[in-house]
Amino acid sequence: MTETMESKSRRMASLRKKRYRAERRFRRLGFAAVSVGLIFLTVLFGVVLISGFGAFKQTFIQLDIAVLQGSDNYQGMVKQALRDIFPEVKSRRHKRQLYALVSSGATYQLNARIEAEPDLSGKKISAWFPASDDVDMVIKGRIARDGPAELRRVTDQQLRWIERLENEGRIRTQFNWAFFTSGDSREPELAGIAVATLGTLLSLLVCLVLSFPLGVLTAVYLEEFAPRGRWTEFIEVNINNLAAVPSIVFGLLGLAVFLNVFNLPRSAPLVGGMVLALMTLPTIIIAGRVALNGVPPSVREAALAIGASPLQAVFHHVLPLAMPGVLTGTIIGTARALGESAPLLMIGMVAFVVDLPSTILSPATALPVQVFLWADSPERAFEERTAAAILVLLLLTILMNLAAVLLRKKYEIRW
Amino acid sequence: MPVSAMEIPPQMPTNILVLDAGHGAPKIATENLTVFYGDKPALHDINLDIEPNRVTALIGPSGCGKSTFIRCLNRMNDVVQGCRIEGKVTLDGDNIYAIGQDAVHLRTRVGMVFQKPNPFPKSIYDNVAYGPTIHGMYENSDQRDAIVLRSLDRAGLLDEVKDRLRAPGTSLSGGQQQRLCIARAIAVEPEVILMDEPCSALDPIATARIEELITELKEHYTIVIVTHSMQQAARLSNKTAYFHLGRLVEKGDTETVFSDPQDERTRDYVTGRIG
Ligand SMILES: Nc1ncnc2c1ncn2[C@@H]1O[C@H](COP(=O)(O)OP(=O)(O)O)[C@@H](O)[C@H]1O
Ligand SMILES: [Mg+2]
């Protein structure tokens, strides 16, 4: 005996205490890390929400338009209506400033309205037209009325007119449907995300249709059937590498192969989806293999032992059990594709597109590209729209993740 | 070297054997069966005959190759990476490893029950119906129902589950799950049932139930069972084979092997001195 009972038990007790301390320390650190993460997330969402929320509302100005019989000078009618409200404006400079209060889109809207209702001609109609982006910013308080004139893009004269319009009840804000129904525009008040959203959805659809079956089947083949050997290993390493390749490289590949060799149309969601599929494929394959690997071998044995062929064993039993993992991988991959802009820039989905794409071959943009384009625009009002487009993008991501959770729940099987 | 049809003409010699042997022909026979995992041999030169409608018990210490042997009998080792087989295994005189033999079809004739109950995560009904479905063993759903009920009945499970055939197979107790696996194996009408330690994950009552079932089943099937329980081997089997370090050390009638073992290693094992 080199040690008394007492000193031994004292040593053990002190070790125990140390262990508890380490445990507590780890928990506290973990909690702190999660809290910091949550705070950042909240701040991020908060900032985007605050700066983007305004774009869901739009300022409108009420004009009383005298529709001239047999005339198609709609711009003239709009201008006349403005002059009717402010008859004292005479100089050309002031007139120009006056006309700038209303969006240039008013002309087209009037045109469309009268074409749709020909019996309006010769009558006087009162209608609401979108205000120009600067007026919109003033009304929403994003341009300070009392700030220095050179910073606010609105002259003192214009401010007075706006005030008068407000007093006459000719200005109101309402839900900005145009933001969701129209394509891109040079005028912020007319620009919308419809083309970008539809382009994104179509691209994702193409991406899923291509990458899901291809990825799952590849994973099944590699995991369940391919003979282990140098070739399989080589392919495995390369798939893992592909997952780490910067996405713009896939864009270059798409440009070189899909556009230049196969002569597919530029800016088309089809090509966008194909490029995104290239990018998503490795993710799906890797996730699929992990999920397949996680299915207990006893399931395969059970099926094989009653005379199922290897193919039947995999497709009837193993793959369904691996489905939650496969789907999670697929959705994570697709969600990444959703936020991708670099490869889409390469294949021309960065175009200025006004009309909704009617097929997967018509030109379109994508939401992240639209964000990128608007963020680059000088107009103050685009700032708000950029944030709003980001909000929509985030919403789509959240929806996809929700789908992942629900699908997991649905296919999850308790053992 | 792997078995090939060139070296061993399938059927020819064994057919003669069958003719000669007449009634007492073995259901399954192995000839110089040697198994490697990679370069490491796990079984050496096993020659064992398995008689029809008998229970043959395989005993021996852990790692001696019992599972490896039993999995050779329905070619479950085919799917194990690096597993290589030499020698010959015949079922009713046909070499099951000969070229052109269909392992998938073989497994409908030689069913298997595993150590850990492994029902599919599907309903009880679907567990049993799966085999008959993929083999096209019925024409309509009435016939399918009949197969499922008959198989469950034979496995002694019907009374316990007939009110909840749509419940998941995994919701049953361990012993019931194992009987469900037996019902699933029976449903494809095999001739031989292989069981690899079917009771080792079960409590004594469930074990007794399965043992009872095995005694009933041997009327219709040839049964090979691996067990680490000497008592179980003694209670259930007609024939016993004792494996030791990859070699078949002793084989014979169960009574003889237990009461009068010829080999010293067998004696040590059955008297409980090693194992
Ligand atoms: N898949 C495998 N790969 C490599 N070696 C294996 C494999 N399965 C079994 N073995 C080896 O083969 C020997 C026999 O194993 P096994 O047949 O499982 O023994 P038992 O069932 O009698 O306990 C053991 O030494 C084991 O390590
Ligand atoms: Mg074993």
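Between a residue in region B:57-72 that is over 10 Å from B:V224 (Cβ atoms) and any residue that is in a helix (DSSP H, G or I) and within 7 Å of ligand 1 (Cβ to nearest atom), which pairs come within a Cβ distance under 6 Å, given they are 6 or more apart or on different chains?
B:G60/B:K66
Assess whether B:T133 counts as being more than 27 Å from B:S67 (Cα to Cα), outside any loop (DSSP other than H, G, I, E, B) and within 11 Å of chain A (Cβ to nearest Cβ). It would help to see each step written out before you state the result.
Details: more than 27 Å from B:S67 (Cα to Cα): yes; outside any loop (DSSP other than H, G, I, E, B): yes; within 11 Å of chain A (Cβ to nearest Cβ): yes.
Yes; evaluated as a whole, the condition is true for this residue.
Could you please tell me which pairs satisfy a Cβ distance under 8 Å, a separation of 6+ or placement on different chains, a first residue in region A:227-238 that is within 14 Å of another protein chain (Cβ to nearest Cβ), and a second residue that is open to solvent by 80 Å² or more (accessible area, probe 1.4 Å)?
Pairs found: A:R228/B:Q81.
Considering each of A:V318, A:V314, A:V299, A:V326 in turn, give the residue that is open to solvent by less than 10 Å² (accessible area, probe 1.4 Å), away from every other protein chain (no Cβ under 11 Å) and within 19 Å of B:N77 (Cα to Cα). Explain how you work it out, then say what you get.
Details: A:V318 fails: away from every other protein chain (no Cβ under 11 Å); A:V299 fails: away from every other protein chain (no Cβ under 11 Å); A:V326 fails: within 19 Å of B:N77 (Cα to Cα).
Testing whether each residue is open to solvent by less than 10 Å² (accessible area, probe 1.4 Å), away from every other protein chain (no Cβ under 11 Å) and within 19 Å of B:N77 (Cα to Cα) leaves just A:V314.
Name the residue, out of B:E139, B:E211, that is assigned to a loop (DSSP other than H, G, I, E, B) and among the acidic types (D, E). Break it down stepwise before answering.
Working: B:E211 fails: assigned to a loop (DSSP other than H, G, I, E, B).
Result: B:E139 is the single residue among B:E139, B:E211 that is assigned to a loop (DSSP other than H, G, I, E, B) and among the acidic types (D, E).
Is region B:122-129 home to any residue that is hydroxyl-bearing (S, T, Y), more than 10 Å from chain A (Cβ to nearest Cβ), part of a helix (DSSP H, G or I) and over 22 Å from B:I223 (Cβ atoms)? Break it down into steps so the answer makes sense when it comes.
Filtering region B:122-129 down to residues hydroxyl-bearing (S, T, Y) leaves B:123, B:125.
Filter once more, keeping what is more than 10 Å from chain A (Cβ to nearest Cβ): B:123, B:125.
Narrowing further to those that are part of a helix (DSSP H, G or I): B:125.
From what's left, over 22 Å from B:I223 (Cβ atoms): B:125.
Within region B:122-129, one or more residues are hydroxyl-bearing (S, T, Y), more than 10 Å from chain A (Cβ to nearest Cβ), part of a helix (DSSP H, G or I) and over 22 Å from B:I223 (Cβ atoms).
Which pairs have Cβ atoms under 9 Å, sit 6 or more apart or on different chains, and link a residue in region B:245-266 that is hydroxyl-bearing (S, T, Y) to one that is open to solvent by 80 Å² or more (accessible area, probe 1.4 Å)?
Going by the 9 Å Cβ cut-off, the qualifying pairs are B:T256/B:Q262.
Here is a yes/no grid of residues against (1) open to solvent by 10 Å² or more (accessible area, probe 1.4 Å); (2) in contact (Cβ under 8 Å) with a residue 24 or more places away in the chain; (3) out of contact with any Ser or Thr (no Cβ under 7 Å at 6 or more places or on another chain):
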residue	(1), (2), (3)
A:A243	yes, yes, no
A:N263	yes, no, yes
A:R266	yes, yes, yes
A:L270	yes, yes, yes
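Could you count how many residues in region B:256-274 are closer than 13 Å to B:M230 by Cβ and not in a loop (DSSP other than H, G, I, E, B)? Break it down stepwise before answering.
Step one: filter region B:256-274 for residues closer than 13 Å to B:M230 by Cβ, giving B:257-259, B:261, B:266-274.
Then drop every residue that is not not in a loop (DSSP other than H, G, I, E, B), which leaves B:257-259, B:266-270.
The total comes to 8.
Out of (1) modelled with pLDDT of 95 or more; (2) part of a helix (DSSP H, G or I), what's the single condition that is false for B:L17?
Of (1) modelled with pLDDT of 95 or more; (2) part of a helix (DSSP H, G or I), only one is false for B:L17: (1).
Before we move on, is B:A146 free of Cβ contacts under 8 Å to residues at least 12 places away in the same chain, open to solvent by 30 Å² or more (accessible area, probe 1.4 Å), more than 30 Å from B:S259 (Cβ to Cβ) and of a type in the set (G, A, S)? Give the steps one after another, and end with the answer.
Numbers: free of Cβ contacts under 8 Å to residues at least 12 places away in the same chain: yes; open to solvent by 30 Å² or more (accessible area, probe 1.4 Å): yes; more than 30 Å from B:S259 (Cβ to Cβ): yes; of a type in the set (G, A, S): yes.
Yes; evaluated as a whole, the condition is true for this residue.
Is it the case that region B:67-80 has a residue that's modelled with pLDDT of 90 or more, within 16 Å of ligand 1 (Cβ to nearest atom), open to solvent by less than 10 Å² (accessible area, probe 1.4 Å) and away from chain A (no Cβ under 14 Å)? Give the steps one after another, and end with the answer.
So the first thing to find is which residues in region B:67-80 are modelled with pLDDT of 90 or more, and the list is B:67-77.
Retained after the next criterion (residues that are within 16 Å of ligand 1 (Cβ to nearest atom)): B:67-77.
Cutting the leftovers down to open to solvent by less than 10 Å² (accessible area, probe 1.4 Å) gives us B:69-70, B:72-74, B:76-77.
Filter once more, so that each one left must be away from chain A (no Cβ under 14 Å): B:69.
Yes.
Does B:A183 satisfy being in contact with an Asp or Glu (Cβ under 6 Å, 6 or more places away or on another chain), hydrophobic (A, V, I, L, M, F, W, C) and within 14 Å of chain A (Cβ to nearest Cβ)?
Values: in contact with an Asp or Glu (Cβ under 6 Å, 6 or more places away or on another chain): no; hydrophobic (A, V, I, L, M, F, W, C): yes; within 14 Å of chain A (Cβ to nearest Cβ): yes.
For B:A183, the condition - in contact with an Asp or Glu (Cβ under 6 Å, 6 or more places away or on another chain), hydrophobic (A, V, I, L, M, F, W, C) and within 14 Å of chain A (Cβ to nearest Cβ) - is not met.
For region A:109-194, give me every one of the helices (runs of 4 or more DSSP H) that falls completely inside it and has 3 or more residues that are open to solvent by less than 10 Å² (accessible area, probe 1.4 Å), closer than 30 Å to A:D355 by Cα and not assigned by TED's automatic domain parsing to the domain that holds A:E384.
Working: elements: A:133-139, A:149-152, A:156-167, A:177-181.
Here the list reads A:133-139.
Of the residues A:F258, A:F250, A:F180, which is out of contact with any Leu (no Cβ under 6 Å at 6 or more places or on another chain) and aromatic (F, W, Y)?
Details: A:F258 fails: out of contact with any Leu (no Cβ under 6 Å at 6 or more places or on another chain); A:F250 fails: out of contact with any Leu (no Cβ under 6 Å at 6 or more places or on another chain).
Going through A:F258, A:F250, A:F180 in turn, just one is out of contact with any Leu (no Cβ under 6 Å at 6 or more places or on another chain) and aromatic (F, W, Y): A:F180.
Criterion first (within 21 Å of A:R153 (Cα to Cα) and part of a helix (DSSP H, G or I)) does A:Q75 satisfy it? Give the derivation first.
Working: within 21 Å of A:R153 (Cα to Cα): no; part of a helix (DSSP H, G or I): yes.
Spelling it out, it is not the case that A:Q75 is within 21 Å of A:R153 (Cα to Cα) and part of a helix (DSSP H, G or I).
The values are calculated or read from the model by the stated rules, or taken from the named source; none is laboratory data. This structure is a prediction, so every number in the text was calculated from the model and none was measured. Glycine also receives a Cβ, built like all others from the backbone with ideal geometry; neighbour counts cover every protein chain displayed. These area figures cover heavy atoms from the full protein model, side chains too; ligands, DNA and RNA do not enter into them. Shrake-Rupley method; radii C 1.70, N 1.55, O 1.52, S 1.80 Å.
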